[in-house]
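The next block holds one structure in the form of structure tokens; read it before the comments.
Each value in this text was obtained by applying a stated rule to the coordinates, not by laboratory testing. Because the structure is predicted, anything quoted here is derived from the model rather than measured. All Cβ positions, glycine included, derive from the backbone under ideal geometry; neighbour counts span all protein chains shown.
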Amino acid sequence: MGYRSEVVLKLDAPASSALEALAKVSDEVNTLLSDAEEVTKTDDEHTYFWSWIKWYDMYKEIGHVDLLLASLPYESYGFIRLGEDSNDIEERGSPHDFDIHVTRRIEY
């Protein structure tokens, strides 16, 4: 089964163009973007959300996206990955500038 995560990736227009260019040359990245549960695109930014994904860079499509994100300016994207464990949170880029944040609460 494997360890699953919830992932949000939000990119400004230039970063979105770079990701779309990558998807055109990589079938795996194209499939990854197509498999997102929610996709929102405006002229200013694109948002992708996956609710139950194995986000490991050993998977070709994740590795490609991770390399792309590492090459982008910090302020051009926001990324948050929540793992299954309550303390497993990864943030990259500038998620707060893209209004992405983690909310924690107790439900009963």
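Data table
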| item | result |
| --- | --- |
| Label-point gap, in nm, between K24 and Y56 - each point 7 angstrom along Cα→Cβ | 3.2 nm |
| Dipole magnitude (debye, nearest 20) for the chain, charges at Cβ of Lys, Arg, Asp, Glu | 160 debye |
| Mean-position separation - Cα centroids, segment 86-102 and segment 40-70, in angstrom | 14 Å |
| Environment charge at Y74 (Cβ cut-off 13 Å; Lys +1, Arg +1, Asp -1, Glu -1) | -3 |
| Charge dipole of segment 5-98 about the Cα centre (unit charges at C-beta), most positive-ward option of F98, L22, S34 | L22 |
| Cα-based equivalent ellipsoid, the chain: semi-axes from gyration tensor eigenvalues, Å | 22, 17, 12 |
| Segment 41-71 residues near the modelled T31 label - backbone nitrogen below 13 Å, point 7 Å along Cα→Cβ | 59-62 |
| Residue-averaged 222 nm ellipticity for the chain, from DSSP H runs of 4+ at -39500 (n - 2.57), nearest 500 | -9000 deg cm²/dmol |
